[in-house]
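A quick write-up on the structure given underneath.
Nothing in this text is a laboratory measurement; each read-out follows from the coordinates by a stated rule. The structure presented is a predicted model; accordingly, all values stated were derived computationally and were not measured. Here the Cβ is made from the backbone with ideal geometry for all residues, glycine too, and neighbour counts use every protein chain on show.
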Amino acid sequence: MNSYRSIQQIFYANKKFGVQEILNLQKYCLTNELCRGFYTSSEKNGSINTVLPFPPNTKIMEEISTIEKKEPPKFTELISKNQFEKTFQENSESTFQKPQIEKKEPPIPPKTMQSKFWIPPHQDTLFWSVFFTVFGLSEYNQVGHSYGNRILEEKMKIANYFKKNPKSLKSSNHKFTNESIQETIAELMVDHSISFKGLASLAIYYKRNIYVLDEKRKIYLKFTSPDTDSGSDSKFSSKIYIYYHDFMRGSHKYKIIVDDIVNIPAIDSWFCLENSLKPLKAISNYKVEDLIGIANIIGYEVPVKIKKPELYDRLVEKCGWYKIDSKTTREN
C-alpha cells in the first residue's frame, strides 16, 4: 500500500477526491524524492540501512505529470467533439440503412394528336359541311332552329347565280351537259340532299376546291374551281376536305375536321377517282403495272395470273363510290 492510498483511507474514508487534491497533499507525503533525500543524508553521516528508499512508481508519476500539463478543453473543442459524434452517428445510420429500391414508373407514351370530327346533325351533311367550312362557327350558330329556311335561302342564291351564268358550270372538272346544268339548278331550288353534281356547283360558286375522302379505301373525289379564293373564314384556305362517315338512317353521312389545328390529309399517295359514276378511265389508259399499283393503294390483293380485263373490272367495282340509297358502292 503506497502513501497516497494510506492517507486516503485514514483521512478521507468516505470521500473520493481527485488528482488535484492529491497534489495539494503531496508535501505531507513520504514520496520517493523525500526518501532519496533521506538516503543521501544518512550516507553522508555513515549510517547504513537507516531509511530504505521506496522504488519509484514511474506510472503514477507520469500520469500526474501529464495531468499537470494538460489544460481543460475549451468550449469550442467540446462543441466540435459533440458535432463530430453526432455526424459520425448519422453517417453510421445512413451507412447501415437498408438500400431502398427506387420504383421506376413506366414511361408515358407521347400523346398523339387526334383530329376532332363534326358530323352535321342534318339530313344533307354534304351541304352543311361546305357551309360550316366557308362561313365558320359563328354564322352556323346564328342559324339555330331555322336551318331549313337558311338552307333554302342559300341554295336559292346559288341557283339564281347559275341561272344567270349557266356556262360557268362547264368550267368544272366534272362534265356538265346543258341537260345536267338544268337538273342541277332544279336540285338547288328544292329541299333535297345535294348530289355530287350539286357539290361541283358549290365548288365553283364558293371558289373552293372540294375533296371528298374515303379513308378506309384511300380513295377520293375531287371537285375543282377555276378561280379559288382563300377567304378569311376558310378553314383550309382554298381547299375543303370532307370525310365519308357511314351509312345512317337511310343515307350516307359525311363529316369534317373542326379543331384548331390545320390537318391536311396526305392524299398524294391515295387514288383519285375520275368521278362518282365512273371511278377509272377507259381500260386502254392503263398498263397491267398501273392497275396493280391502284390495287396496292386500295388494299386489294391481286390474284395470281389474273388477266388485265378481269383486274380492271374488279378495280372498278372496288373503287366505285357509294350508292345514294344503299350501303353498297357504285352510285348510279
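Working out 0.36 nm times the residue gap between residue 247 and residue 25, then minus their Cα-Cα distance, what length gain in nm do you get to one decimal?
On the way: separation 222, 0.36 × 222 = 79.92 nm, distance 11.97 nm.
The residue 247-residue 25 span can extend by a further 68.0 nm.
Suppose the chain between residue 318 and residue 161 were pulled fully straight at 0.36 nm per residue; how much longer would it get relative to their current alpha carbon spacing?
Details: separation 157, 0.36 × 157 = 56.52 nm, distance 3.70 nm.
Length gained between residue 318 and residue 161: 52.8 nm.
Label-point separation (nm) for residue 117 and residue 190, each offset 7 Å from Cα along Cα-to-Cβ?
It works out to 3.0 nm between the two label points.
Which FRET efficiency value, to the nearest 0.05, do you get for residue 152 and residue 277 by plugging their Cβ-Cβ distance into 1/(1 + (r/R0)^6) with R0 = 35 Å?
0.80
At a 10 Å Cβ-Cβ cut-off, how would you order 276, 146, 269, fewest neighbours first?
Fewest-to-most Cβ neighbours within 10 Å comes out as 269, 146, 276.
According to a simple spin-label model (label point 7 Å from Cα along Cα-to-Cβ), what is the distance in nm between residue 173 and residue 259?
It is 2.7 nm.
Taking amide H positions as placed in the peptide plane 1.01 Å from N, state which residues far from residue 245 in sequence (5 or more) or on other chains have amide H under 5 Å from it.
253, 254, 255
Please list, in order along the range 198-204, the HN-Hα scalar couplings obtained from phi with the Karplus expression 6.51 cos²θ - 1.76 cosθ + 1.60 (θ = phi - 60°), rounded to whole Hz, x for Gly and Pro.
Couplings: x, 5, 5, 5, 5, 4, 6 Hz.
Using a simple spin-label model with points 7 Å from Cα along the Cα→Cβ vector, what separation in nm is obtained for residue 307 and residue 228?
4.3
Run the numbers for residue 180 and residue 297: contour at 0.36 nm per residue of separation, minus the present Cα-Cα distance, in nm. Don't skip to the answer; put the middle values down first.
Details: separation 117, 0.36 × 117 = 42.12 nm, distance 3.23 nm.
Working it through step by step, the gained length comes to 38.9 nm.
For the pairs 157/222; 222/305; 239/278, note any where the Cα-Cα span goes beyond 26 Å.
222/305
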